[in-house]
Amino acid sequence: MLENAEKARLTAWVRGRVQGVGFRWWTRARALELGLSGYARNTADGRVEIVAEGTREACVKLLEQLRGCDTPGRVDGVVERWSEPRGSLIGFVER
């Protein structure tokens, strides 16, 4: 199996001005373009939590986009956690 096809689960917490600016919608669009499944949701402390599963390569690309300068609002930082995919996510939704 190709290394790029390795499956992964990315959990990312994005802080900054990321609520009420279309950030979850934007993240969903990027994730779907990359063939990822999962969700983006607002947290009570003002961050957005993103859980994405798919190829590790696609997850890395999403993470790069989250840290890029083309996001809605303003991203001050992204914390990431990698884990084994659970396979229970279908589609990519805003929660």
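Among the residues making up segment 43-63, those that are more than 17 Å from ARG9 (Cβ to Cβ) and out of contact with any strand residue (DSSP E or B) (no Cβ under 8 Å at 6 or more places or on another chain) are ALA44, ASP45. Number of residues in segment 64-93 that are closer than 18 Å to ARG15 by Cα and surrounded by 14 or more Cβ atoms within 10 Å (Cβ to Cβ): the value is 9. Within segment 1-21, can you find the residues that are exposed (fewer than 14 other Cβ atoms within 10 Å of the Cβ) and either part of a helix (DSSP H, G or I) or small (Gly, Ala, Ser) (or both)? Scanning segment 1-21 gives GLU3, ASN4, ALA5, GLY20. Any idea which residue in segment 22-46 is farthest from GLU57 (Cα to Cα), counting only those that are of a type in the set (S, T, N, Q) and buried (at least 16 other Cβ atoms within 10 Å of the Cβ)? Ranking the qualifying residues of segment 22-46, first place goes to ASN42.
Each reported figure results from applying straightforward, stated rules to the coordinates on display, with no laboratory input. These numbers come from a predicted model, not from an experiment. Ideal geometry is used to build each Cβ from the backbone, glycine not excepted, and the neighbour counts take in all protein chains shown.
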